[in-house]
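Notes follow once the structure below has been shown.
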Amino acid sequence: MEKTLVLLKPGCVQRNLMGEIINRFERRGLHIVGMKMMQLDEAILREHYAHLVDRPFFPKLAESMMASPVVAMAIEGVDAVQVVRTMVGATNGREAAPGTIRGDYSMSNQQNIVHASDSTSNAQVELARFFRPEEIFDFKAALCGYVYGDGEGA
């Protein structure tokens with residue numbers, strides 16, 4: 001099973017959409033194996049968005065990500081990174097397809113409700129950034145046999 005990181009951003013928290021977004025992942029059959037609310041600081045944001053630190057919009061991005069706590073989730077499933085990315089939709093909410101999380105709840109490029117890891121290698125790095133090893137649990141979901149066919153899930 002593959003694991004990926006999802007952050008419910010301050011816009012999601014402030015708009016009281018946390019339960020609805022979590023529900024979408026769970027209804028899809030993905031398994032939440034770690035979850036916590038946390039307040040981000042500039043140090044973790046500089047690390048997380050290292051590829052954007054020198055861009056002129058970074059200070060506004062950091063400010064928006066520190067506006068309230070976020071909810072960090074470790075989500076597990078077969079091809080979890082790709083499944084979550086497909087569910088999340090395009091970065092710019094105005095361009096995201098209806099039926100995706102951003103397409104249904106976002107009208108912004110920056111205030112786009114969620115962050116999701118974009119590759120399996122980044123998922124590993126990002127999970128380690130936001131979770132200690134003991135905060136991600138290894139247990140089989142009771143409904144796994146009803147989510148995956150024979151040989152698909154572990």
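The values are calculated or read from the model by the stated rules, or taken from the named source; none is laboratory data. Values in this document were obtained by computation on a predicted structure and should not be read as measured data. Backbone-built Cβ (ideal geometry, glycine too); neighbour counts: all protein chains shown. Side chains included, ligands, DNA and RNA excluded: accessible areas come from the protein's heavy atoms. Shrake-Rupley method; radii C 1.70, N 1.55, O 1.52, S 1.80 Å.
Of all residues in segment 2-39, exactly one satisfies the criterion of being part of a loop (DSSP other than H, G, I, E, B) and of a type in the set (Gly, Ala, Ser), namely Gly29. Scanning segment 109-134 for residues that are touching a residue at least 40 places away in the same chain (Cβ under 8 Å) and open to solvent by less than 40 Å² (accessible area, probe 1.4 Å) yields Asn112, Ile113, Val114, His115, Ala116, Ser117, Ala123, Glu126, Leu127, Phe130, Phe131. Just to be sure, is Pro69 over 16 Å from Phe25 (Cβ atoms), modelled with pLDDT of 95 or more and open to solvent by 50 Å² or more (accessible area, probe 1.4 Å)? Criteria not met by Pro69.
Please verify whether Arg94 is on the phi < 0 side of the Ramachandran plot, among the charged types (D, E, K, R) and surrounded by 14 or more Cβ atoms within 10 Å (Cβ to Cβ), treating the condition exactly as stated. Here the answer is no, as Arg94 does not meet what is asked.
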